[in-house]
Amino acid sequence: MRLRGLNKEFARYGGVGLERQTIAVMFASGALAGLVGAIMVLGAQYRFTDGALTAPQYSWSGTLAALLAGGEPVGAIIAGVLFAALQTGGFAMERSVEIPRVLTMVLESVIILFLSMRGVMRKRGS
């Protein structure tokens, strides 16, 4: 997958079956998404709740964690834990000292903004 991401034509020249790999990755990601949905239904609520996966903004947090990780699997785990801690802390702050939870979203956005500026500055310096 990394070779394909770096240079698709070189991967094809090297004998990587791109079509087969695409189908395999799509199958694996669909299976993983189905597993997460099953865990949400069977593990937490014991029933199907409409909007249970989209309401807590799991997709937004996952996208931010993937962007922060920069394609590294271990970095994705660390970034996921960071954003989970920020969101959980935001809920706790809102309950205990009545600070708006939106503040944690602003903090996440500032983190992503500075990381994207780091990428721009790296390109500008070289």
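The values are calculated or read from the model by the stated rules, or taken from the named source; none is laboratory data. All figures in this text were calculated on a predicted structure; none of them were measured in a lab. Don't worry about glycine lacking a Cβ; one is built from the backbone with ideal geometry, like all the others, and counts go over all protein chains shown. Accessible surface is based on the protein model in full, side chains and every heavy atom, while ligands, DNA and RNA are left aside. Shrake-Rupley method; radii C 1.70, N 1.55, O 1.52, S 1.80 Å.
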Legend entry - ALA44 paired with ARG101, simple spin-label distance in nm, labels 7 Å along Cα-to-beta-carbon: 1.1
Inset, instruction - With +1 on each Lys and Arg Cβ and -1 on each Asp and Glu Cβ, and nothing else charged, work out how big the dipole of the stretch 41-126 is about its Cα centre, in Debye to the nearest 20. - result: 360
Legend entry - Å² of accessible area per residue within the chain, as computed with a 1.4 Å probe and no ligands counted: 77
Legend entry - Accessible-area composition of the chain, carbon plus sulfur, in percent [1.4 Å probe]: 70
Inset, instruction - Under 1.5 on a/c is rounded, so check that first for the chain, then, if it is not, pick prolate when a/b is larger than b/c and oblate when it is not; a ≥ b ≥ c are the square roots of the alpha carbon gyration tensor eigenvalues. - result: oblate
Inset, instruction - Assuming a ≥ b ≥ c are the square roots of the Cα gyration tensor eigenvalues, decide whether the stretch 1-55 counts as rounded (a/c under 1.5), prolate (otherwise, with a/b larger than b/c) or oblate. - result: prolate
Inset, instruction - Return the distance in nm (one decimal) between the two label points of a simple spin-label model at LEU113 and LYS8, each offset 7 Å from Cα along Cα→Cβ. - result: 3.4
Inset, instruction - Please name which of LEU42, ALA69, GLN57 has its Cα lying farthest along the dipole of the stretch 15-107 towards the positive end, using unit charges on Cβ (Lys, Arg +1; Asp, Glu -1) and the Cα centre as origin. - result: LEU42
Inset, instruction - Check every DSSP H run in the chain and write down those whose alpha carbon atoms cover 20 angstrom or more along the long axis and whose mean Kyte-Doolittle hydropathy is 0.0 or greater. - result: 18-39, 73-96, 102-125
